[in-house]
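Chemist: Structure incoming, see below.
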Amino acid sequence: MSATLDSVNSPMNSAAGVSVTRGDRRAARLLAIVMHAAFAGLLVFGVSWQKKKPEPVMADLWSNLPQLPQQAQPKPEVTPEVEPTPKPAPAPKVTPPPAPKVTPVPAPKPDIALQDKKKKAEPKPEPKAEIKPEPKPKPEPKKDDTAKREADRKAAEAEKEAQEKAAAEKAAAAERAAKAAAAARENQKYINGIRGKVYARMALPPDIQGNPEAVFVVSLLPGGELLNVTLRTSSGNPAYDAAAERAIRQAQPFDVPSGEQFQQYFRQFPMVFRPKG
Amino acid sequence: MTPSHDMSILSLITGASVLVQAVMLMLLLASLFSWYYIFLKYFALRRATALADEFEKQFWSGADLNDLHQRAMNTRTEAGSMERIFEAGFREFMKLRGQPNMDVSAITDGTRRAMRATYQREMDELESHLSFLASVGSVSPYVGLFGTVWGIMNSFRGLSNVAQATLAAVAPGIAEALVATAMGLFAAIPAVVAYNRFAGDVNRLAIRFDSFMEEFSNILQRQVH
(Lines give C-alpha, C1' and ligand atoms only; values in the text may rest on other atoms or scores of the structure.)
Protein backbone atom coordinates (compact mmCIF):
# COMPACT_ATOMS: atom_id res chain seq x y z
CA MET A 1 0.00 0.00 0.00
CA SER A 2 2.62 2.52 1.07
CA ALA A 3 4.77 1.65 -1.90
CA THR A 4 1.97 2.32 -4.37
CA LEU A 5 1.11 5.61 -2.70
CA ASP A 6 4.69 6.74 -3.04
CA SER A 7 4.80 5.87 -6.65
CA VAL A 8 1.65 7.84 -7.33
CA ASN A 9 2.76 10.89 -5.37
CA SER A 10 6.17 11.30 -6.80
CA PRO A 11 5.21 11.95 -10.45
CA MET A 12 2.62 14.46 -9.38
CA ASN A 13 5.19 16.59 -7.58
CA SER A 14 7.59 16.48 -10.40
CA ALA A 15 4.94 17.23 -13.00
CA ALA A 16 4.04 20.52 -11.32
CA GLY A 17 7.63 21.72 -11.32
CA VAL A 18 8.92 20.94 -14.77
CA SER A 19 6.75 22.34 -17.48
CA VAL A 20 6.91 25.88 -16.02
CA THR A 21 10.07 27.11 -14.34
CA ARG A 22 10.53 30.13 -12.18
CA GLY A 23 12.60 31.82 -14.87
CA ASP A 24 9.74 31.31 -17.29
CA ARG A 25 7.33 33.06 -14.96
CA ARG A 26 9.58 36.01 -14.46
CA ALA A 27 10.28 36.37 -18.15
CA ALA A 28 6.60 36.09 -19.02
CA ARG A 29 5.63 38.71 -16.46
CA LEU A 30 8.31 41.07 -17.69
CA LEU A 31 7.40 40.56 -21.33
CA ALA A 32 3.71 41.13 -20.68
CA ILE A 33 4.40 44.38 -18.86
CA VAL A 34 6.88 45.56 -21.47
CA MET A 35 4.43 44.78 -24.24
CA HIS A 36 1.66 46.75 -22.57
CA ALA A 37 3.90 49.67 -21.81
CA ALA A 38 5.09 49.77 -25.40
CA PHE A 39 1.58 49.65 -26.72
CA ALA A 40 0.34 52.31 -24.31
CA GLY A 41 3.25 54.55 -25.24
CA LEU A 42 2.56 54.08 -28.92
CA LEU A 43 -1.09 54.87 -28.41
CA VAL A 44 -0.58 57.97 -26.27
CA PHE A 45 2.20 59.49 -28.33
CA GLY A 46 0.72 58.46 -31.63
CA VAL A 47 -2.65 59.96 -30.88
CA SER A 48 -1.37 63.16 -29.30
CA TRP A 49 0.98 63.64 -32.20
CA GLN A 50 -1.93 63.41 -34.60
CA LYS A 51 -4.09 65.68 -32.50
CA LYS A 52 -1.63 68.54 -32.33
CA LYS A 53 -1.61 69.09 -36.07
CA PRO A 54 -5.00 70.73 -36.58
CA GLU A 55 -4.66 72.97 -33.54
CA PRO A 56 -2.20 75.53 -34.97
CA VAL A 57 -4.53 76.09 -37.89
CA MET A 58 -7.35 76.94 -35.54
CA ALA A 59 -5.14 79.26 -33.52
CA ASP A 60 -4.13 81.14 -36.64
CA LEU A 61 -7.72 81.71 -37.58
CA TRP A 62 -8.72 83.11 -34.24
CA SER A 63 -5.74 85.32 -33.75
CA ASN A 64 -6.06 86.86 -37.19
CA LEU A 65 -9.68 87.82 -36.85
CA PRO A 66 -9.57 90.63 -34.32
CA GLN A 67 -6.40 92.11 -35.81
CA LEU A 68 -7.80 92.63 -39.24
CA PRO A 69 -10.23 95.49 -38.62
CA GLN A 70 -8.16 97.02 -35.81
CA GLN A 71 -5.05 97.37 -37.87
CA ALA A 72 -6.85 98.61 -40.90
CA GLN A 73 -9.02 101.29 -39.39
CA PRO A 74 -6.47 103.54 -37.69
CA LYS A 75 -4.00 103.27 -40.57
CA PRO A 76 -5.79 103.10 -43.84
CA GLU A 77 -2.77 104.24 -45.80
CA VAL A 78 -0.64 101.41 -44.52
CA THR A 79 -3.12 98.84 -45.65
CA PRO A 80 -1.51 98.21 -49.02
CA GLU A 81 1.42 96.73 -47.13
CA VAL A 82 -0.75 94.70 -44.83
CA GLU A 83 -3.11 93.46 -47.46
CA PRO A 84 -1.59 93.61 -50.86
CA THR A 85 -4.32 91.75 -52.70
CA PRO A 86 -7.57 93.39 -51.65
CA LYS A 87 -6.43 96.87 -52.55
CA PRO A 88 -5.44 96.41 -56.13
CA ALA A 89 -8.80 94.87 -56.77
CA PRO A 90 -10.89 97.91 -55.86
CA ALA A 91 -8.24 100.43 -56.88
CA PRO A 92 -8.56 100.04 -60.64
CA LYS A 93 -12.22 100.72 -60.26
CA VAL A 94 -11.56 103.81 -58.26
CA THR A 95 -9.47 105.60 -60.84
CA PRO A 96 -11.51 105.29 -64.00
CA PRO A 97 -14.96 106.23 -62.71
CA PRO A 98 -14.27 109.57 -60.95
CA ALA A 99 -13.90 111.69 -64.09
CA PRO A 100 -17.20 110.88 -65.77
CA LYS A 101 -19.14 110.40 -62.59
CA VAL A 102 -18.26 113.63 -60.89
CA THR A 103 -20.76 115.59 -62.95
CA PRO A 104 -23.90 113.64 -62.11
CA VAL A 105 -23.12 113.95 -58.42
CA PRO A 106 -24.67 117.36 -57.75
CA ALA A 107 -28.20 116.29 -58.57
CA PRO A 108 -28.63 113.48 -56.05
CA LYS A 109 -26.44 115.02 -53.38
CA PRO A 110 -27.11 118.64 -52.49
CA ASP A 111 -26.30 118.05 -48.82
CA ILE A 112 -22.72 116.97 -49.28
CA ALA A 113 -20.07 119.04 -47.58
CA LEU A 114 -18.04 121.88 -49.05
CA GLN A 115 -15.71 119.55 -50.77
CA ASP A 116 -18.47 118.49 -53.07
CA LYS A 117 -19.23 122.10 -53.96
CA LYS A 118 -15.64 122.61 -54.88
CA LYS A 119 -15.92 119.57 -56.99
CA LYS A 120 -18.84 121.07 -58.80
CA ALA A 121 -16.78 124.15 -59.43
CA GLU A 122 -14.08 122.15 -61.06
CA PRO A 123 -16.12 120.44 -63.71
CA LYS A 124 -17.20 123.80 -65.11
CA PRO A 125 -13.87 124.53 -66.70
CA GLU A 126 -14.15 121.34 -68.64
CA PRO A 127 -17.19 122.29 -70.66
CA LYS A 128 -15.49 125.61 -71.44
CA ALA A 129 -12.57 123.82 -72.82
CA GLU A 130 -14.86 122.12 -75.23
CA ILE A 131 -16.36 125.43 -76.26
CA LYS A 132 -13.04 126.99 -76.99
CA PRO A 133 -12.06 124.96 -79.97
CA GLU A 134 -15.24 126.28 -81.60
CA PRO A 135 -14.31 129.94 -81.63
CA LYS A 136 -11.03 129.29 -83.35
CA PRO A 137 -12.43 127.62 -86.39
CA LYS A 138 -15.26 130.15 -86.51
CA PRO A 139 -13.23 133.27 -87.10
CA GLU A 140 -11.40 131.82 -90.08
CA PRO A 141 -14.30 131.00 -92.34
CA LYS A 142 -16.79 133.66 -91.16
CA LYS A 143 -14.94 136.93 -90.62
CA ASP A 144 -11.77 137.07 -92.59
CA ASP A 145 -12.10 140.60 -93.91
CA THR A 146 -14.55 142.35 -91.64
CA ALA A 147 -13.18 142.13 -88.15
CA LYS A 148 -9.62 141.08 -87.56
CA ARG A 149 -9.65 142.90 -84.30
CA GLU A 150 -12.47 140.96 -83.07
CA ALA A 151 -10.66 137.83 -83.98
CA ASP A 152 -7.54 139.00 -82.20
CA ARG A 153 -9.57 139.96 -79.21
CA LYS A 154 -11.23 136.61 -79.24
CA ALA A 155 -7.90 134.89 -79.66
CA ALA A 156 -6.52 136.77 -76.68
CA GLU A 157 -9.61 135.97 -74.72
CA ALA A 158 -9.26 132.36 -75.71
CA GLU A 159 -5.65 132.32 -74.62
CA LYS A 160 -6.57 133.84 -71.32
CA GLU A 161 -9.33 131.41 -70.93
CA ALA A 162 -7.04 128.57 -71.87
CA GLN A 163 -4.56 129.63 -69.25
CA GLU A 164 -7.27 130.01 -66.66
CA LYS A 165 -8.68 126.73 -67.64
CA ALA A 166 -5.30 125.01 -67.47
CA ALA A 167 -4.72 126.38 -64.01
CA ALA A 168 -8.18 125.40 -62.96
CA GLU A 169 -7.69 122.01 -64.42
CA LYS A 170 -4.45 121.54 -62.59
CA ALA A 171 -6.08 122.50 -59.35
CA ALA A 172 -9.02 120.33 -60.16
CA ALA A 173 -6.75 117.40 -60.94
CA ALA A 174 -4.91 117.85 -57.67
CA GLU A 175 -8.12 118.16 -55.80
CA ARG A 176 -9.55 115.19 -57.58
CA ALA A 177 -6.53 113.12 -56.70
CA ALA A 178 -6.85 114.18 -53.11
CA LYS A 179 -10.52 113.37 -53.17
CA ALA A 180 -9.89 110.03 -54.77
CA ALA A 181 -7.34 109.25 -52.10
CA ALA A 182 -9.79 110.27 -49.40
CA ALA A 183 -12.53 108.24 -51.01
CA ALA A 184 -10.22 105.28 -51.34
CA ARG A 185 -9.31 105.64 -47.70
CA GLU A 186 -12.92 105.69 -46.68
CA ASN A 187 -13.68 102.79 -48.97
CA GLN A 188 -10.87 100.88 -47.45
CA LYS A 189 -12.41 101.45 -44.07
CA TYR A 190 -15.68 99.94 -45.21
CA ILE A 191 -13.95 97.15 -47.04
CA ASN A 192 -12.00 96.28 -43.93
CA GLY A 193 -15.19 96.30 -41.94
CA ILE A 194 -16.80 93.90 -44.38
CA ARG A 195 -13.75 91.71 -44.45
CA GLY A 196 -13.63 91.59 -40.69
CA LYS A 197 -17.26 90.63 -40.52
CA VAL A 198 -16.87 87.88 -43.10
CA TYR A 199 -13.66 86.52 -41.63
CA ALA A 200 -15.29 86.34 -38.23
CA ARG A 201 -17.82 83.90 -39.62
CA MET A 202 -15.36 81.91 -41.61
CA ALA A 203 -14.87 78.30 -40.55
CA LEU A 204 -11.70 77.17 -42.20
CA PRO A 205 -11.62 73.59 -43.44
CA PRO A 206 -8.79 71.84 -41.65
CA ASP A 207 -6.85 70.55 -44.63
CA ILE A 208 -5.68 73.80 -46.16
CA GLN A 209 -2.09 73.89 -47.30
CA GLY A 210 -0.26 77.09 -48.06
CA ASN A 211 -2.20 80.27 -48.63
CA PRO A 212 -4.52 79.77 -51.60
CA GLU A 213 -6.49 82.74 -52.85
CA ALA A 214 -10.15 82.82 -53.79
CA VAL A 215 -11.82 85.85 -55.40
CA PHE A 216 -15.55 86.44 -55.13
CA VAL A 217 -17.66 89.08 -56.82
CA VAL A 218 -20.06 90.41 -54.22
CA SER A 219 -23.18 92.36 -55.23
CA LEU A 220 -24.91 94.36 -52.53
CA LEU A 221 -28.19 96.18 -52.15
CA PRO A 222 -28.11 99.76 -50.90
CA GLY A 223 -29.03 98.70 -47.38
CA GLY A 224 -25.98 96.47 -47.20
CA GLU A 225 -27.89 93.30 -47.86
CA LEU A 226 -26.37 90.70 -50.06
CA LEU A 227 -27.77 90.43 -53.54
CA ASN A 228 -25.47 87.89 -55.05
CA VAL A 229 -22.12 86.19 -54.62
CA THR A 230 -20.26 84.58 -57.45
CA LEU A 231 -16.96 82.86 -57.41
CA ARG A 232 -14.59 84.51 -59.84
CA THR A 233 -11.32 82.76 -59.11
CA SER A 234 -11.28 79.50 -57.27
CA SER A 235 -8.60 78.82 -54.72
CA GLY A 236 -8.33 75.27 -56.00
CA ASN A 237 -9.82 73.91 -52.80
CA PRO A 238 -13.61 73.50 -53.19
CA ALA A 239 -14.10 73.19 -49.44
CA TYR A 240 -12.37 76.46 -48.86
CA ASP A 241 -14.37 78.20 -51.60
CA ALA A 242 -17.61 76.92 -50.12
CA ALA A 243 -16.59 78.01 -46.63
CA ALA A 244 -15.79 81.51 -47.86
CA GLU A 245 -19.09 81.80 -49.71
CA ARG A 246 -20.98 80.60 -46.66
CA ALA A 247 -19.18 83.13 -44.53
CA ILE A 248 -20.15 85.96 -46.92
CA ARG A 249 -23.76 84.88 -46.89
CA GLN A 250 -23.83 84.63 -43.13
CA ALA A 251 -22.10 87.92 -42.52
CA GLN A 252 -24.71 90.09 -44.28
CA PRO A 253 -26.01 92.74 -43.88
CA PHE A 254 -22.81 94.70 -44.22
CA ASP A 255 -22.07 98.17 -43.08
CA VAL A 256 -21.86 100.19 -46.31
CA PRO A 257 -21.77 103.88 -47.15
CA SER A 258 -24.94 105.41 -48.54
CA GLY A 259 -25.68 107.10 -51.85
CA GLU A 260 -23.08 107.83 -54.43
CA GLN A 261 -20.18 106.19 -52.72
CA PHE A 262 -22.15 102.99 -52.43
CA GLN A 263 -23.24 103.09 -56.04
CA GLN A 264 -19.72 103.58 -57.14
CA TYR A 265 -17.79 101.12 -55.07
CA PHE A 266 -20.07 98.75 -53.23
CA ARG A 267 -22.78 97.91 -55.70
CA GLN A 268 -20.52 95.21 -56.95
CA PHE A 269 -16.98 94.62 -55.88
CA PRO A 270 -14.43 91.81 -55.82
CA MET A 271 -13.47 90.24 -52.54
CA VAL A 272 -10.22 88.37 -52.07
CA PHE A 273 -9.94 85.55 -49.58
CA ARG A 274 -6.83 84.09 -48.11
CA PRO A 275 -6.86 81.65 -45.25
CA LYS A 276 -3.99 83.40 -43.54
CA GLY A 277 -5.11 86.99 -44.05
CA MET B 1 -17.51 76.59 -25.54
CA THR B 2 -13.98 75.56 -26.22
CA PRO B 3 -13.50 74.66 -29.85
CA SER B 4 -11.59 71.47 -29.20
CA HIS B 5 -11.38 69.35 -26.10
CA ASP B 6 -8.18 67.69 -25.15
CA MET B 7 -8.75 64.37 -26.83
CA SER B 8 -5.56 62.54 -25.98
CA ILE B 9 -6.00 58.96 -24.83
CA LEU B 10 -4.89 59.74 -21.29
CA SER B 11 -7.44 62.48 -20.82
CA LEU B 12 -10.09 60.24 -22.30
CA ILE B 13 -9.34 57.61 -19.68
CA THR B 14 -9.09 59.98 -16.74
CA GLY B 15 -12.23 61.80 -17.82
CA ALA B 16 -14.38 58.69 -17.98
CA SER B 17 -16.97 57.91 -15.35
CA VAL B 18 -16.09 55.66 -12.41
CA LEU B 19 -17.85 52.59 -13.72
CA VAL B 20 -16.24 52.90 -17.12
CA GLN B 21 -12.88 53.34 -15.41
CA ALA B 22 -13.52 50.19 -13.37
CA VAL B 23 -14.32 48.32 -16.57
CA MET B 24 -11.14 49.63 -18.13
CA LEU B 25 -9.10 48.55 -15.12
CA MET B 26 -10.64 45.09 -15.29
CA LEU B 27 -9.82 44.83 -18.94
CA LEU B 28 -6.31 46.04 -18.38
CA LEU B 29 -5.77 43.36 -15.73
CA ALA B 30 -7.33 40.75 -18.00
CA SER B 31 -5.02 41.82 -20.79
CA LEU B 32 -1.98 41.78 -18.53
CA PHE B 33 -2.78 38.30 -17.21
CA SER B 34 -3.64 36.93 -20.59
CA TRP B 35 -0.34 38.14 -21.99
CA TYR B 36 1.47 36.73 -18.96
CA TYR B 37 -0.12 33.34 -19.63
CA ILE B 38 0.47 33.67 -23.33
CA PHE B 39 4.21 34.01 -22.77
CA LEU B 40 4.20 31.39 -20.03
CA LYS B 41 2.37 28.87 -22.18
CA TYR B 42 4.55 29.69 -25.12
CA PHE B 43 7.70 28.91 -23.19
CA ALA B 44 6.19 25.79 -21.61
CA LEU B 45 4.90 24.33 -24.85
CA ARG B 46 8.09 25.09 -26.68
CA ARG B 47 10.07 23.31 -23.99
CA ALA B 48 7.62 20.37 -23.90
CA THR B 49 7.92 19.91 -27.64
CA ALA B 50 11.71 20.12 -27.52
CA LEU B 51 11.90 17.57 -24.68
CA ALA B 52 9.54 15.20 -26.47
CA ASP B 53 11.65 15.45 -29.61
CA GLU B 54 14.78 14.73 -27.64
CA PHE B 55 13.29 11.75 -25.80
CA GLU B 56 11.83 10.21 -28.93
CA LYS B 57 15.22 10.45 -30.59
CA GLN B 58 16.86 8.67 -27.67
CA PHE B 59 14.12 6.08 -27.40
CA TRP B 60 14.12 5.08 -31.04
CA SER B 61 17.90 5.12 -31.35
CA GLY B 62 17.82 1.66 -29.79
CA ALA B 63 19.01 2.48 -26.28
CA ASP B 64 18.52 -0.07 -23.53
CA LEU B 65 15.18 0.40 -21.74
CA ASN B 66 16.80 -0.04 -18.34
CA ASP B 67 19.33 2.68 -19.10
CA LEU B 68 16.58 4.98 -20.27
CA HIS B 69 14.60 4.28 -17.14
CA GLN B 70 17.61 4.94 -14.97
CA ARG B 71 18.25 8.25 -16.68
CA ALA B 72 14.59 9.22 -16.37
CA MET B 73 14.66 8.48 -12.65
CA ASN B 74 17.80 10.57 -12.16
CA THR B 75 16.63 13.60 -14.09
CA ARG B 76 13.03 13.45 -12.98
CA THR B 77 12.74 17.15 -12.12
CA GLU B 78 13.65 18.30 -15.60
CA ALA B 79 12.24 15.42 -17.62
CA GLY B 80 9.71 15.97 -20.35
CA SER B 81 6.15 14.67 -20.37
CA MET B 82 6.93 11.78 -22.66
CA GLU B 83 9.86 10.71 -20.56
CA ARG B 84 7.69 10.73 -17.50
CA ILE B 85 5.04 8.63 -19.21
CA PHE B 86 7.73 6.17 -20.16
CA GLU B 87 9.11 6.13 -16.64
CA ALA B 88 5.71 5.46 -15.06
CA GLY B 89 4.89 2.72 -17.54
CA PHE B 90 8.24 0.98 -17.28
CA ARG B 91 8.22 1.08 -13.49
CA GLU B 92 4.77 -0.44 -13.39
CA PHE B 93 5.85 -3.05 -15.92
CA MET B 94 8.87 -4.06 -13.80
CA LYS B 95 6.76 -4.33 -10.68
CA LEU B 96 4.08 -6.44 -12.36
CA ARG B 97 6.59 -8.72 -14.04
CA GLY B 98 8.28 -9.39 -10.71
CA GLN B 99 5.07 -10.75 -9.27
CA PRO B 100 4.32 -14.45 -9.71
CA ASN B 101 1.50 -15.93 -11.82
CA MET B 102 0.56 -12.77 -13.75
CA ASP B 103 -0.64 -13.35 -17.28
CA VAL B 104 0.42 -11.19 -20.19
CA SER B 105 -2.79 -9.25 -20.64
CA ALA B 106 -2.89 -8.27 -16.94
CA ILE B 107 0.69 -6.94 -17.12
CA THR B 108 -0.03 -5.01 -20.33
CA ASP B 109 -3.25 -3.54 -18.99
CA GLY B 110 -1.66 -2.47 -15.74
CA THR B 111 1.23 -0.84 -17.59
CA ARG B 112 -1.14 0.93 -19.89
CA ARG B 113 -3.24 2.24 -16.98
CA ALA B 114 -0.18 3.61 -15.26
CA MET B 115 0.89 5.37 -18.42
CA ARG B 116 -2.61 6.66 -18.99
CA ALA B 117 -2.69 8.19 -15.52
CA THR B 118 0.57 10.01 -16.05
CA TYR B 119 -0.58 11.08 -19.48
CA GLN B 120 -3.74 12.64 -18.01
CA ARG B 121 -1.73 14.48 -15.42
CA GLU B 122 0.70 15.80 -18.01
CA MET B 123 -2.10 16.87 -20.31
CA ASP B 124 -3.75 18.69 -17.47
CA GLU B 125 -0.52 20.52 -16.81
CA LEU B 126 -0.07 21.41 -20.47
CA GLU B 127 -3.63 22.60 -20.84
CA SER B 128 -3.63 24.68 -17.67
CA HIS B 129 -4.50 28.38 -18.15
CA LEU B 130 -5.71 27.77 -21.66
CA SER B 131 -9.26 28.08 -20.36
CA PHE B 132 -8.32 31.45 -18.94
CA LEU B 133 -7.21 32.62 -22.37
CA ALA B 134 -10.45 31.33 -23.83
CA SER B 135 -12.50 33.21 -21.25
CA VAL B 136 -10.63 36.44 -21.81
CA GLY B 137 -11.04 36.04 -25.55
CA SER B 138 -14.75 35.50 -25.40
CA VAL B 139 -15.80 37.69 -22.48
CA SER B 140 -13.66 40.81 -22.58
CA PRO B 141 -15.33 42.22 -25.73
CA TYR B 142 -18.63 42.03 -23.88
CA VAL B 143 -17.17 43.67 -20.81
CA GLY B 144 -15.76 46.45 -22.96
CA LEU B 145 -19.08 46.80 -24.72
CA PHE B 146 -20.79 47.11 -21.38
CA GLY B 147 -18.49 49.96 -20.42
CA THR B 148 -19.15 51.64 -23.75
CA VAL B 149 -22.90 51.33 -23.48
CA TRP B 150 -22.81 52.72 -19.99
CA GLY B 151 -20.63 55.65 -21.02
CA ILE B 152 -22.79 56.48 -24.03
CA MET B 153 -25.89 56.25 -21.89
CA ASN B 154 -24.43 58.79 -19.50
CA SER B 155 -23.35 61.15 -22.23
CA PHE B 156 -26.83 61.09 -23.74
CA ARG B 157 -28.37 61.69 -20.36
CA GLY B 158 -26.13 64.73 -20.08
CA LEU B 159 -27.36 65.84 -23.48
CA SER B 160 -30.93 66.00 -22.24
CA ASN B 161 -30.00 68.84 -19.89
CA VAL B 162 -28.60 70.98 -22.69
CA ALA B 163 -30.95 73.31 -24.52
CA GLN B 164 -29.13 73.06 -27.80
CA ALA B 165 -28.09 69.59 -28.80
CA THR B 166 -24.69 69.67 -30.41
CA LEU B 167 -22.37 66.92 -31.39
CA ALA B 168 -19.68 68.54 -29.28
CA ALA B 169 -21.76 67.89 -26.17
CA VAL B 170 -21.85 64.12 -26.64
CA ALA B 171 -18.75 63.41 -28.66
CA PRO B 172 -16.25 63.44 -25.76
CA GLY B 173 -18.43 61.09 -23.71
CA ILE B 174 -18.79 58.70 -26.59
CA ALA B 175 -15.09 58.81 -27.29
CA GLU B 176 -14.37 58.03 -23.66
CA ALA B 177 -16.81 55.17 -23.71
CA LEU B 178 -15.39 53.74 -26.90
CA VAL B 179 -12.00 53.43 -25.27
CA ALA B 180 -13.52 50.65 -23.17
CA THR B 181 -14.51 48.70 -26.28
CA ALA B 182 -11.07 49.25 -27.74
CA MET B 183 -9.48 47.86 -24.60
CA GLY B 184 -11.81 44.89 -24.60
CA LEU B 185 -10.85 44.05 -28.15
CA PHE B 186 -7.22 44.67 -27.36
CA ALA B 187 -7.41 42.09 -24.58
CA ALA B 188 -9.53 39.63 -26.55
CA ILE B 189 -7.80 39.40 -29.90
CA PRO B 190 -4.39 38.16 -28.71
CA ALA B 191 -6.06 35.84 -26.23
CA VAL B 192 -8.16 34.20 -28.94
CA VAL B 193 -5.24 33.89 -31.31
CA ALA B 194 -3.01 32.45 -28.60
CA TYR B 195 -5.71 30.08 -27.41
CA ASN B 196 -6.18 28.64 -30.87
CA ARG B 197 -2.47 28.31 -31.38
CA PHE B 198 -1.81 26.68 -28.00
CA ALA B 199 -4.82 24.40 -28.21
CA GLY B 200 -3.47 23.15 -31.53
CA ASP B 201 0.00 22.65 -30.07
CA VAL B 202 -1.35 20.73 -27.06
CA ASN B 203 -3.46 18.59 -29.33
CA ARG B 204 -0.47 17.64 -31.43
CA LEU B 205 1.53 16.77 -28.31
CA ALA B 206 -1.36 14.66 -27.05
CA ILE B 207 -1.41 12.70 -30.29
CA ARG B 208 2.31 12.13 -30.06
CA PHE B 209 1.99 10.92 -26.45
CA ASP B 210 -0.87 8.63 -27.40
CA SER B 211 0.95 6.98 -30.21
CA PHE B 212 4.07 6.65 -28.09
CA MET B 213 2.04 4.89 -25.40
CA GLU B 214 0.67 2.41 -27.90
CA GLU B 215 4.05 1.66 -29.38
CA PHE B 216 5.68 1.33 -25.98
CA SER B 217 2.95 -1.07 -24.85
CA ASN B 218 3.70 -3.23 -27.86
CA ILE B 219 7.40 -3.25 -27.05
CA LEU B 220 6.71 -4.24 -23.43
CA GLN B 221 4.27 -6.94 -24.51
CA ARG B 222 6.97 -8.45 -26.67
CA GLN B 223 9.39 -8.40 -23.75
CA VAL B 224 7.04 -10.45 -21.57
CA HIS B 225 7.45 -13.47 -23.77
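Here is a yes/no grid of residues against (1) surrounded by 17 or more Cβ atoms within 10 Å (Cβ to Cβ); (2) under 15 Å from the mean Cα position of the chain (by Cα); (3) without any contact (Cβ under 8 Å) to a residue 60 or more places away in the chain:
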residue: A:Leu220; (1), (2), (3): yes, no, yes
residue: A:Gly224; (1), (2), (3): yes, no, yes
residue: A:Leu231; (1), (2), (3): no, yes, yes
residue: A:Ala247; (1), (2), (3): yes, yes, yes
residue: A:Asp255; (1), (2), (3): no, no, no
residue: A:Arg267; (1), (2), (3): no, no, yes
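Chemist: Let me ask something else. Contact list please: Cβ distance under 7 Å, first residue in the range A:7-34 and within 30 Å of B:Phe90 (Cβ to Cβ) and within 7 Å of another protein chain (Cβ to nearest Cβ), second residue at pLDDT below 90 and surrounded by fewer than 16 Cβ atoms within 10 Å (Cβ to Cβ), pairs at least six apart or on different chains.
Modeler: Filtered contacts from the range A:7-34: A:Ser14/B:Thr77; A:Gly17/B:Thr77; A:Val18/B:Thr77; A:Val18/B:Glu78.
Chemist: Can you find, within the range A:35-71, the residue that is modelled with the lowest pLDDT among those that are within 10 Å of another protein chain (Cβ to nearest Cβ) and over 30 Å from A:Gln209 (Cβ atoms)?
Modeler: This residue is A:Ala40.
Chemist: Pick from B:Asn196, B:Asn161, B:Asn154, B:Asn203: which is over 18 Å from the mean Cα position of the chain (by Cα), in a helix (DSSP H, G or I) and polar (S, T, N, Q)?
Modeler: Being over 18 Å from the mean Cα position of the chain (by Cα), in a helix (DSSP H, G or I) and polar (S, T, N, Q) holds for just one of B:Asn196, B:Asn161, B:Asn154, B:Asn203, which is B:Asn154.
Condition check ((1) of a type outside the set (Gly, Ala, Ser); (2) out of contact with any helix residue (DSSP H, G or I) (no Cβ under 7 Å at 6 or more places or on another chain); (3) farther than 30 Å from B:Gly15 by Cβ; (4) touching a residue at least 12 places away in the same chain (Cβ under 8 Å)) across all residues:
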| position | (1), (2), (3), (4) |
| --- | --- |
| B:Ala134 | no, no, yes, yes |
| B:Val143 | yes, no, no, yes |
| B:Gly147 | no, no, no, yes |
| B:Trp150 | yes, no, no, yes |
| B:Ser155 | no, no, no, yes |
| B:Gly158 | no, no, no, yes |
| B:Pro190 | yes, no, no, yes |
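Chemist: Within the range B:167-189, is there a residue that is farther than 23 Å from B:Ser17 by Cα and surrounded by fewer than 16 Cβ atoms within 10 Å (Cβ to Cβ)?
Modeler: Yes, because at least one residue in the range B:167-189 is farther than 23 Å from B:Ser17 by Cα and surrounded by fewer than 16 Cβ atoms within 10 Å (Cβ to Cβ).
Chemist: Go through (1) more than 12 Å from B:Met82 (Cα to Cα); (2) within 13 Å of chain A (Cβ to nearest Cβ); (3) modelled with pLDDT under 90 for B:Gly62 and report which single condition fails.
Modeler: The failed condition is (2).
Chemist: Evaluate the following for B:Arg97: is it within 11 Å of chain A (Cβ to nearest Cβ) and part of a helix (DSSP H, G or I)?
Modeler: no
Chemist: Name the single residue that is surrounded by the most Cβ atoms within 10 Å (Cβ to Cβ) among those in the range B:8-53 being farther than 22 Å from B:Glu78 by Cβ, at the interface with another protein chain (Cβ under 8 Å from one of its Cβ atoms) and without any contact (Cβ under 8 Å) to a residue 24 or more places away in the chain.
Modeler: So the residue we want is B:Tyr36.
Chemist: Confirm whether B:Glu83 is more than 30 Å from B:Pro190 (Cα to Cα), without any contact (Cβ under 8 Å) to a residue 60 or more places away in the chain, in contact with a Phe, Trp or Tyr (Cβ under 6 Å, 6 or more places away or on another chain) and in a helix (DSSP H, G or I).
Modeler: yes
Chemist: Only one of (1) surrounded by 17 or more Cβ atoms within 10 Å (Cβ to Cβ); (2) away from chain A (no Cβ under 12 Å) is not met by B:Arg76, so which one is it?
Modeler: Single failed check for B:Arg76: (2).
The values are calculated or read from the model by the stated rules, or taken from the named source; none is laboratory data. Keep in mind that what you see is a predicted model, and the values were worked out from it rather than measured. Glycine gets a Cβ as well: all are built from the backbone with ideal geometry, and neighbour counts include every protein chain shown.
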